[in-house]
1. Once you treat every alpha carbon in segment 239-385 as an equal point and sum by Debye, what is log10 I(q)/I(0) at q = 0.11 Å⁻¹?
2. Long-range amide H contacts for V248: which residues qualify at under 5 Å (H placed 1.01 Å from N, peptide plane, sequence gap of 5 or more or a different chain)?
3. Suppose R0 equals 41 Å; then what is the FRET efficiency for R280 and E161 from their Cβ-Cβ distance, rounded to the nearest 0.05?
4. Quick one: helix 294-328 against the long Cα principal axis of the chain, what's the angle to the nearest 10°, folded into 0 to 90?
5. With each pseudo-label sitting 7 Å past Cα toward Cβ, what's the D327-T99 distance in nm, one decimal?
6. Would you list Y345, Y15, Y363 from fewest to most Cβ contacts within 10 Å?
7. Residue-wise, which Karplus ³J(HN,Hα) couplings in Hz belong to segment 9-17, taking 6.51 cos²θ - 1.76 cosθ + 1.60, θ = phi - 60°, and x for glycine or proline?
8. Evaluated at 4 °C with a viscosity of 1.567 mPa s, what Stokes-Einstein diffusion coefficient in µm²/s does segment 43-207 have when Rh comes from the Kirkwood expression over alpha-carbon pairs?
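Readers should treat all values here as calculations from the given coordinates under stated rules, not as data from a laboratory. Quick caveat, the model's predicted, so the values are computed rather than measured. Methodologically, a virtual Cβ is constructed for each residue, glycine included, from the backbone with ideal geometry; neighbour enumeration extends over all protein chains shown.
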Amino acid sequence: MASLKNLFAWCKRHYLLVTFLGVLFIAAFGFVNIQILHMTSEPEFCHMCHPAQGFGPLAEVDSWEHSAHGEAGVSCLDCHGRPGVVGYIKAKLGGLKDTYMQLTISKEEKLEILENPKKDLVPDLQCLFCHSDKGNQDYRKRVKLMKIVRMRLLDDVKNPEFRKHKGLPDILTDTFVGGTHFDHSMHLEAFDFKCRDCHFGLVHNPSTKTDRMNMCVTCHKENEGSGAPLVTECQRCHEAQFDMNKGVGAKDVAGEPGLMWGNGVVCQDCHTGVSKGIYRPTSETCSNCHDDSYGEIFNEWSSETKAEIADLREMRINVEDALKEADKKKRDTKAYWTLYEKALYNFRLVRNDGTNGVHNRDYAQAILASVKKDFQTVLNDLDQTW
Ligand code: HEC
Ligand code: HEC
Ligand code: HEC
Ligand code: HEC
Ligand code: HEC
Ligand code: HEC
Ligand code: HEC
Ligand code: HEC
């Protein structure tokens, strides 16, 4: 008892020191906790219990790693936790439940849960937070406390800036998305769709483009006579491919029609399997009109352009990092972001065409060259003015 009294007396005398140590302790405790929160949010941590390869249940980390979202730095809790501080904490509590369940349920029960994710596991508002301006602004109006310290990408997402910097359209107002002419708002409202109804291949599940196209054309056939394009009206949906064939569409890059399109060859002259449901031609298609050696030309075009696209994808990450770095140092980057966004738009046109230049090799090459030049300009100028 006496020693406790002494301690209090000592503390009273050294109250400044005690307060200081107290604050230090709380800060250190907070710091360690934040580190733990960070660590347990990383995909490597999730990997411990979701370790399989490929697609589907248990392979969620691997499938994410190879997805467009994974590549763009959108991580698990950016989708599996609502935006804002409360959303983050709820997601972490969900993680505690995961751990408890891991210890208490059987392998079969776990698989059963993972095979049947709840319909609203990732609600549409989550997707719209990043992919539309309205969804982002409405949410931000409702939820004021977005973050205390930076824990993840999501809480910093402010539109239109975020999607513009990523070169993404506003899916509720733009009708040119991912290379396709498609009106999200109209289809969402008229048919009460959820994002998952069409984007069933998103992140964790495999899906082919043929599956996706079939979904559209099946319903459109049922609605024959409305304004819905039928299967033979390729170019009403395939805007990027149509533009590539014609040699238009990229910003500030002049083009000519493709070798074949310019000579009167149309979509279904090459896409000969459409009536049988085989949409994608192969190098063998070339020999329908040329001699067999043209299959080789196809392979050359395709592998050359593919390599260039891969290089630019790497370069793009560097450019974006350099821009963000310059922003942090409060430099005037407005003109460079604009140039970068233009380059990104052009880059995405070639990527979204999806043929690595087969539709129009010269135009694809010209566009990629201009993208490279723009990227280089941003990098060089940011380097110099510094
Ligand atoms: C200690 C093991 C463990 C770790 C670590 C773990 N999970 Fe899980 N997870 C589970 C188990 C077990 C289930 C199935 C039971 C359940 O729903 O909690 C599950 C289910 C899920 C579900 C589906 C929930 C539902 O209701 O359908 C999601 C989403 C999920 N985990 C995401 C994550 C993310 C993201 C991480 C990393 C931040 C992670 N998990 C880390 C064990 C774990
Ligand atoms: C772009 C958003 C997005 C990202 C990023 C994302 N997920 Fe998912 N995740 C979903 C959606 C949507 C579902 C709902 C089921 C479906 O459509 O596959 C889902 C389902 C799941 C499930 C339930 C079981 C299953 O396989 O469907 C688990 C577990 C899971 N995700 C874990 C993760 C982990 C771990 C990461 C990070 C490595 C991650 N997710 C990253 C969107 C995302
Ligand atoms: C944190 C912000 C964020 C969230 C949340 C998010 N996305 Fe994305 N999404 C992105 C970014 C960034 C890209 C660009 C990837 C690239 O560079 O091509 C992208 C790309 C896409 C693409 C095109 C690439 C592909 O995989 O087909 C689709 C479709 C998409 N998102 C749908 C969704 C859906 C559906 C949800 C909700 C389940 C969702 N996103 C949630 C940021 C987000
Ligand atoms: C009726 C089907 C359908 C529904 C429902 C749907 N989408 Fe899409 N979405 C598409 C199609 C088609 C594309 C273009 C795909 C392509 O060509 O790659 C697309 C493209 C996208 C892209 C890529 C944009 C780009 O330029 O890269 C994003 C992001 C996206 N959708 C988000 C969403 C979100 C978020 C929802 C839910 C609010 C949603 N979609 C609901 C059919 C749909
Ligand atoms: C549930 C049925 C249904 C599905 C599924 C569907 N659509 Fe439609 N779509 C319609 C109907 C009906 C119209 C005609 C609306 C009108 O003219 O008022 C239409 C119109 C269109 C139009 C012409 C309108 C415009 O904006 O120019 C395009 C393009 C289109 N759809 C693309 C798609 C694509 C791409 C998909 C697949 C991702 C798809 N649709 C899936 C029913 C559907
Ligand atoms: C109603 C809209 C619509 C029409 C009309 C349409 N498509 Fe598609 N098509 C799509 C969508 C959506 C996809 C999936 C794109 C994606 O996910 O990137 C697709 C995918 C494809 C693919 C890729 C298939 C694969 O599995 O790799 C080819 C090739 C294709 N379409 C060719 C055509 C041709 C040729 C025509 C005309 C004969 C045509 N499409 C008509 C909407 C349409
Ligand atoms: C000279 C022949 C030729 C013509 C003309 C042509 N295509 Fe293609 N298209 C191809 C080949 C070959 C591929 C497959 C490329 C590959 O697999 O790398 C392809 C692939 C595609 C794809 C799939 C892209 C993806 O994302 O995977 C679509 C969609 C498409 N074409 C639409 C069209 C449309 C629409 C037209 C008419 C405006 C058209 N094509 C004209 C030869 C042609
Ligand atoms: C429907 C018939 C048709 C198909 C299929 C077709 N082409 Fe052509 N191609 C033509 C026509 C017509 C011309 C222009 C006339 C000419 O110069 O021979 C042409 C011109 C060319 C030329 C430039 C002139 C030459 O003869 O060298 C190349 C290169 C070429 N095509 C490559 C391809 C490749 C690669 C494929 C497969 C992806 C392909 N073509 C598929 C009809 C076709």
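1. Once normalised to I(0) and log-transformed, intensities are -0.49.
2. Amide H neighbours of V248: none.
3. The pair R280/E161 has a calculated efficiency of 0.65.
4. So the helix axis and the longest Cα principal axis differ by about 30 degrees.
5. That separation, rounded to one decimal, is 3.4 nm.
6. Y15, Y345, Y363
7. Each residue of segment 9-17 in turn: 4, 4, 4, 4, 5, 9, 4, 4, 4 Hz.
8. The diffusion coefficient I find is 75 µm²/s.
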